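Working notes, beginning with the structure itself.
The values are calculated or read from the model by the stated rules, or taken from the named source; none is laboratory data. Because the structure is a prediction, the values reported are computed rather than measured. Glycine also receives a Cβ, built like all others from the backbone with ideal geometry; neighbour counts cover every protein chain displayed. Just so you know, the surface numbers come from the protein's heavy atoms only, side chains and all, with ligands and any DNA or RNA stripped out. Shrake-Rupley method; radii C 1.70, N 1.55, O 1.52, S 1.80 Å.
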Amino acid sequence: MALDSQSGRSFRQYLSVSRSRIRSLDWGQRWSYINRKLPDAIAEAVIASEIRCDARVLDFGCADQPYRALFGNAAYLGADLPGNEQAEVIIAPDGRLPLGDSSIDFVLSSQVLEHVERPENYLSECWRVLRPGGRVVLSTHGLMVYHRDPVDYWRWTGDGLKKVVGDAGFHVDSLDGVMGLAPTGIQLFQDATLAGLPRVLWRPYCVLTQSLISLFDRFHSPESKRLNALVFIVCATKPGG
């Protein structure tokens, strides 16, 4: 594997120095709780995928490559739109990748699908470049406030996300939610009211709301989060191999 349990435990420390401020772990920031939980959930999904050390990994929509350290010595390729100097692979205007069919062993897609105009084309390209038996770990929005980057098109239910991934030809191995319904409600209330407060109150307000989110999330079972969650993670396999 590219990542063992010990490196998974140290991954949050890596994120704390490498991620941009919008993904801050500071409790005074508006999304600090999900910024803590989502990387842990993605790390667990990657560990469970048992990626070989000689695998070719594609981070499809890599941004500033916050998850690169997860993959150890595997051949990592970050793909993004023109203008991202950190990307090794540039996505064409039609969404195609300059990669051969069945040339990739593992695809990571973290918080990308909601921003693409045609999710079916994006997923089709994931399927094309993956070898038979290859896996994809994909996270995207469930119940989430509008989040432009630079556009924001889509939200999913668990069933809807499994359907679009399955319709692309993948076998869906698992779907899990990150942050349950009650804490998601608090998050949305915070996002709806934050701008109306004096700027000096933003930090203490977020400390309060994010602490409440952390508390209430403990009362949600994994089963309930598969029904309603702020973010969903799908693990899927390309048949064959």
Problem - Number of the condition not met by Gln210 [criteria: (1) touching a Leu at 6+ places or on another chain (Cβ under 9 Å); (2) open to solvent by less than 10 Å² (accessible area, probe 1.4 Å); (3) not small (Gly, Ala, Ser)] - result: (1)
Practice task
State which residue pairs qualify: first residue touching a residue at least 60 places away in the same chain (Cβ under 8 Å) and inside the range 108-127, second residue among the basic types (Lys, Arg) and open to solvent by 40 Å² or more (accessible area, probe 1.4 Å) in any location, beta carbons under 7 Å apart, and separation of 6 or more residues or different chains.
Solution key: Glu125/Arg96
Exercise for the section: Looking for whichever is in contact with a Pro (Cβ under 6 Å, 6 or more places away or on another chain) and open to solvent by 30 Å² or more (accessible area, probe 1.4 Å) here; the options are His147, His171. Which one fits? Expected result: His171
Practice task
Report whether or not Asp101 is assigned to a loop (DSSP other than H, G, I, E, B) and either modelled with pLDDT of 95 or more or surrounded by 22 or more Cβ atoms within 10 Å (Cβ to Cβ) (or both).
Solution key: yes
Problem - Yes/no for Ser139 being in contact (Cβ under 8 Å) with a residue 40 or more places away in the chain, part of a helix (DSSP H, G or I) and small (Gly, Ala, Ser) - result: no
Fill in the blank from the handout: Matching residues in the range 108-135 (farther than 12 Å from Val165 by Cβ and of a type in the set (Phe, Trp, Tyr)) number 0
Exercise for the section: Note down all Cβ pairs under 6 Å where the first residue falls in the range 213-237 and is surrounded by 23 or more Cβ atoms within 10 Å (Cβ to Cβ), the second is among the aromatic types (Phe, Trp, Tyr), and they're at least six residues apart or on different chains. Expected result: Ile213/Tyr33; Ala236/Phe170
Handout entry: Residue, farthest from Val116 (Cα to Cα), within the range 46-85, restricted to residues that are of a type in the set (Gly, Ala, Ser) and without any contact (Cβ under 8 Å) to a residue 40 or more places away in the chain
Key = Ala75
Exercise for the section: Starting from residues that are under 26 Å from Leu188 (Cα atoms), part of a loop (DSSP other than H, G, I, E, B) and out of contact with any Leu (no Cβ under 9 Å at 6 or more places or on another chain), keep the ones in the range 23-63 and report whichever is modelled with the lowest pLDDT. Expected result: Ser24
Fill in the blank from the handout: Just one listed residue, out of Arg96, Arg68, is open to solvent by 30 Å² or more (accessible area, probe 1.4 Å), out of contact with any Asp or Glu (no Cβ under 6 Å at 6 or more places or on another chain), at pLDDT 90 or above and within 24 Å of Pro39 (Cα to Cα), and it is Arg68
